[in-house]
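K.L.:
The structure under discussion is supplied below as structure tokens; questions concerning it will follow.
The values are calculated or read from the model by the stated rules, or taken from the named source; none is laboratory data. Given the structure is predicted, the values throughout are model-derived calculations rather than measurements. All Cβ positions, even for glycine, are placed from backbone atoms using ideal geometry, and neighbour counts span all protein chains on display. To get the accessible areas, we keep the full protein, side chains included, count just its heavy atoms, and leave off ligands, DNA and RNA. Shrake-Rupley method; radii C 1.70, N 1.55, O 1.52, S 1.80 Å.
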Amino acid sequence: MAGEEKQTLTPKEIIHQKFGVKAIYRIEEVHVSSNECLYRCHLQLPEFSVVSNVFKRKKDSEQSAAELALEKLGILSQDDDDITVDEAWNDIVERIKYIFSDEFLSADHPLGGHLRAALQRDGERCGSLPVSVIATFDAKINSRCKVIDPSVDSDPILLMSYVMKAAAKLPDYIVVSPHVDSLRRKKPYPPAIIKALASHVKSIKVEAVHIQCTVGGEEVVKPVTLDISSGRYYLDIIAEKLGLKDGNQVMISRTIGKTSSGYECRVYAAMPKLKSFDNSWKAREKRPINESSHLEKSRNAKASFVCGLDIHGDAIVASVGYPWRICCGMSPNGIYKLSREAIIAAQLPFSFTTKSTWRGPFPREILCMFCRQQQLAEPIFTLSTAPVIPMSCILRSYQKLKDSESDDSKYQYVSKGKEEIPESGTGYRCEVKILSKSQDLVLDCSSKKFYEKENHAIQNASLDALSWLSRLFDEGDVDPLQPCYTSEHLDMVFQQRILMKEAVPRGHFRNRDERNEYEDQIRIQSITKGSLVIICYSVYLDVDADFSSDGKSKKELIESNEEIEFEVGNGSMNPHLESVVTQLAVGQYARFLTDAPAEDLFVTAATGTQRDRSLLSDIAGFEYCVRLLGVKGPTEKRIEADFFKPSLSKQRLEYVVKHIKESSASTLVDFGCGSGSLLASLLYHPTSLQTIAGVDILQKGLARAAKRLHSKLNKGACNLKSIILYEGSILKFDSRLHDIDIGTCLEVIEHMEEDQACQFGKTVLSLFRPKLLIVSTPNIEYNKNFHKSAPPNHLKNRSMSQLPKFRNQDHKFEWTRKQFKQWASKLAKRHNYSVYFSGVGESGKADPGFASQIAVFRRKSLSNVVEKVSEGSMQPYKVIWEWSRGNGDKKD
Ligand code: SAH
Ligand code: MG
């Protein structure tokens, strides 16, 4: 990756990564004169706040506040890469000196709290700070140690040895106690400071989880309350629970997840024992670990899994001082769950549909977060475009199409080998590469699927990578040692390096069987894929009488949400919930029980009160209560693409092409051509057409149409002689388009008021007078197939979200079959046309008819071409783009 620009994060981005929504920025206007206003930013973080200087731009004040906060936290925003090892050592020494200064004692730094608490420790431990604490909680020291050796991340002992070594360079200032792994200031703190601080130490109770090793091998997971009363240092309390002498012997893992409030959750366990000899540990960089001591305590598989370090003996998982949430922040699925604050209900979706229906951070963002958490390099995205299909290929498959009428061969030209190319023939696909910090390939995932939009390609590729990683973490059904993994749609190469060294326990939050069962259920649901459902739910935990401490069965609330939105059918909701919810009517309520999730570590609590704590091995099952508050139907675009194969829009185009072929027409006008999908598809279908034109009122669509046509023409397709795009309203007549063979008007009339639709009909049939006119519009009767109707007056007051009336917000109306027939028949009669009705999207015979209804008007007799409009008399349309064979294209 030589020459690759390394991305640096702005201070604000770093703050966002660390604190998310818990970082609150407030901008204050500072009026310096009557016409000049400057800005000052207040940044509130969970533990402290900072105020920036004044700036001319709001943005600058925010960055400055973020920078100040980072300084306070000891985090540097600039790249640590330029620092030499010597500089790193100096920085560590300086930082240790600063940590033990008078001023730091009252600092808002996390370590400040430790120091203040350590001063309450009794006896010789008074004021001494465990080295593990310094190494873990000071971001600056941590980052400098990484400069010396990046492997400190996975080796807390090495990390600690660096801190001890640096502290030893301050003999006049710091007392290093190698036997107990702690540092203390030589000179006592001024008594006044200590006195002032004493009152600040709070008594708190922390809900934590104890993972105990048993003789049998299977770990027992139990809740434990850490009662941190004033005057005691919490690490000493954890040590007590772990059966260790004091807090200095506690090893602290790196963060294994974040609580919902943004706080860090860690694993605490016994420090690996050192060899009993001690000949100047200072001389060694790495202290040898007594191998045999490991045998004394068995390996704690669950704890090791959770923190990615080898843990021996009992462990405690806690987020000290803060409300509990969950420690699933390691897997992509966990990151997503946390981001939605719905650990049980939400799941990482398996497909990205549209930006507007996606909830939570976008897949790309999640992948970046995941990489940062796993100490991997930022993912690299490479976009490529679809190979343009050569004309010869198209003609060949067209030939085939003619030869065999079999349905399967029909779309051959759009799928070359395994590659899926979008209808338009161009598209993007994206490859994601994940590298370790040392640039080794960890995962290379390239989708075979092409997407029309760049963003879709990127998001879907990210999601593919995330789904795969999630399976590795949550289900363990991916063999991480297998170097190459391929599936239908994906080319994946996975090399296990930094990720889990041990086989990952099975069945964390999602398991395969559940997924399969759920896919079956999708077929019987009545709320369709692509809809957004709004639900409120609660999940209770049933603790079996046999297991509960007092012999009674208990029900504990573990998660609830008053209002949350999910997209149906993309896997974003717990499958049990989804299968129930999609069978409900708006306002209905359901209660159901499920088995407890897999027996693995499952720790969660809702609001941080003691009652909300819940667990683990004693769970009999979950009880869900859910109410469907509302449904928002899927958008028209999705309906068209997802409910029909081929898509509804494609079926319309094929319908039109069929009529063109039957008619041997040479001129066509597409009224309301939009972005030119019909015109563009005519380039692929050799017909008798010579001249085609598109008219639309909106510049934007026309510009897209021009671009689309231009790129296709360049590849030398089609038999056409000329193509013109006009800007103008189809309610007005333009004499240049008089007496055409075919007029088309697909899905346009519903975008006008009803009286305008009538006017359009009149203008077309009386003035443009095409021999054939094909008009399509949605059949509103079909809509009930897209969403389930609301129930009678149940919970009216809560029906905050009603079903949309129409498929698209821009529709002014959608007609029943009867309304459409009335409109068309009246027009046909008046202007001497015949009309018949048809449609696309399912059979159309039975109720509710076709999804898209179509009227085909045919001019009755040529002699009836009455109104002879003289050329040039009326030309309200403006030429936007024009192409003719031999002359290329011209833009206006
Ligand atoms: N026929 C296209 C686009 C349908 S969307 C297709 O099938 O894909 C409807 C289009 O009608 C929009 O592009 C809109 O700009 C256009 N439209 C609406 N009112 C119009 C009017 N009065 N004159 C011209 N175009 C109009
Ligand atoms: Mg429409």
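K.L.:
Among the listed residues S182, S151, identify the single one that is closer than 25 Å to I228 by Cα and of a type in the set (S, T, N, Q).
P.N.:
Within the list S182, S151, the selection yields S182.
K.L.:
Residues that are open to solvent by less than 40 Å² (accessible area, probe 1.4 Å) and modelled with pLDDT under 85, at least 1 per element: which strands (runs of 3 or more DSSP E) completely within segment 163-214 meet that?
P.N.:
By residue number, 174-177, 204-212.
K.L.:
Sticking with this one: Do you know which of the residues in segment 749-780 that are over 14 Å from A824 (Cβ atoms) and not in a helix (DSSP H, G or I) is nearest to ligand 1 (Cβ to nearest atom)?
P.N.:
Ranking the candidates gives M752 first.
K.L.:
For S384, indicate whether it is in a strand (DSSP E or B) and either among the polar types (S, T, N, Q) or at pLDDT below 80 (or both).
P.N.:
yes
K.L.:
Inside segment 733-754, can you point out the residues that are open to solvent by 10 Å² or more (accessible area, probe 1.4 Å) and either among the hydroxyl-bearing types (S, T, Y) or within 16 Å of ligand 2 (Cβ to nearest atom) (or both)?
P.N.:
Of everything in segment 733-754, those that are open to solvent by 10 Å² or more (accessible area, probe 1.4 Å) and either among the hydroxyl-bearing types (S, T, Y) or within 16 Å of ligand 2 (Cβ to nearest atom) (or both) turn out to be L746, E747, V748, H751, M752, E753, E754.
K.L.:
Just to verify a result, which residue in segment 148-162, among those that are among the polar types (S, T, N, Q) and open to solvent by 30 Å² or more (accessible area, probe 1.4 Å), is nearest to V93 (Cα to Cα)?
P.N.:
Result: S151.
K.L.:
Residues that are modelled with pLDDT of 80 or more, assigned to a strand (DSSP E or B) and open to solvent by 30 Å² or more (accessible area, probe 1.4 Å): does segment 345-353 have at least one?
P.N.:
no
K.L.:
Can you tell me which condition E47 does not meet? The list is (1) surrounded by 15 or more Cβ atoms within 10 Å (Cβ to Cβ); (2) in a helix (DSSP H, G or I), and all the others hold.
P.N.:
(2)
K.L.:
Identify, by number, the condition in (1) within 14 Å of ligand 2 (Cβ to nearest atom); (2) part of a loop (DSSP other than H, G, I, E, B); (3) touching a residue at least 60 places away in the same chain (Cβ under 8 Å) that D847 doesn't meet.
P.N.:
If we test D847 against (1) within 14 Å of ligand 2 (Cβ to nearest atom); (2) part of a loop (DSSP other than H, G, I, E, B); (3) touching a residue at least 60 places away in the same chain (Cβ under 8 Å), just (1) comes out false.
K.L.:
What about V626, is it in a strand (DSSP E or B), of a type in the set (A, V, I, L, M), within 29 Å of the chain's Cα centre (by Cα) and at pLDDT 90 or above?
P.N.:
Considered against the rule, which asks whether it is in a strand (DSSP E or B), of a type in the set (A, V, I, L, M), within 29 Å of the chain's Cα centre (by Cα) and at pLDDT 90 or above, V626 comes out as yes.
K.L.:
Something else: Out of all the residues in segment 781-792, is one or more assigned to a loop (DSSP other than H, G, I, E, B), surrounded by 19 or more Cβ atoms within 10 Å (Cβ to Cβ) and modelled with pLDDT of 90 or more?
P.N.:
Scanning segment 781-792 turns up no residue that is assigned to a loop (DSSP other than H, G, I, E, B), surrounded by 19 or more Cβ atoms within 10 Å (Cβ to Cβ) and modelled with pLDDT of 90 or more.
K.L.:
Of the numbered conditions (1) within 16 Å of ligand 1 (Cβ to nearest atom); (2) among the hydrophobic types (A, V, I, L, M, F, W, C); (3) over 14 Å from D670 (Cα atoms), F786 satisfies every one except a single condition; which is it?
P.N.:
(1)
K.L.:
Out of the residues in segment 637-675 meeting the condition of being within 16 Å of ligand 2 (Cβ to nearest atom) and free of Cβ contacts under 8 Å to residues at least 12 places away in the same chain, tell me which one is surrounded by the most Cβ atoms within 10 Å (Cβ to Cβ).
P.N.:
The extreme case among them is E640.
K.L.:
Please go through segment 564-576 and pick out each residue that is in contact (Cβ under 8 Å) with a residue 60 or more places away in the chain and closer than 11 Å to V533 by Cβ.
P.N.:
I564, E565, F566, E567, S572, M573 - these are the residues of segment 564-576 that are in contact (Cβ under 8 Å) with a residue 60 or more places away in the chain and closer than 11 Å to V533 by Cβ.
K.L.:
Then there's this: For segment 43-61, give me each residue that is at pLDDT 85 or above and of a type in the set (F, W, Y).
P.N.:
The answer is F55, and nothing else.
K.L.:
For the structure I just gave you, tell me whether E264 is modelled with pLDDT under 85 and open to solvent by less than 20 Å² (accessible area, probe 1.4 Å).
P.N.:
no
K.L.:
While we're looking at this one, here's another question. Of all residues in segment 755-774 being closer than 24 Å to Q875 by Cβ and among the β-branched types (V, I, T), which is nearest to ligand 2 (Cβ to nearest atom)?
P.N.:
V764
K.L.:
Same structure again: Which residue is farthest from the chain's Cα centre (by Cα), if the candidates are limited to segment 676-732 and must be crowded, with 21+ Cβ neighbours inside 10 Å, assigned to a loop (DSSP other than H, G, I, E, B) and within 16 Å of ligand 2 (Cβ to nearest atom)?
P.N.:
The residue in question is I730.
K.L.:
Take E419 and decide whether it is open to solvent by less than 60 Å² (accessible area, probe 1.4 Å) and modelled with pLDDT under 50.
P.N.:
yes
K.L.:
Sticking with this structure for a sec: Restricting to segment 27-49, count the residues that are in contact with a Ser or Thr (Cβ under 9 Å, 6 or more places away or on another chain) and not aromatic (F, W, Y).
P.N.:
8
K.L.:
Given the criteria farther than 20 Å from E578 by Cβ, modelled with pLDDT under 80, open to solvent by less than 20 Å² (accessible area, probe 1.4 Å) and in a loop (DSSP other than H, G, I, E, B), does G329 qualify?
P.N.:
Spelling it out, G329 is indeed farther than 20 Å from E578 by Cβ, modelled with pLDDT under 80, open to solvent by less than 20 Å² (accessible area, probe 1.4 Å) and in a loop (DSSP other than H, G, I, E, B).
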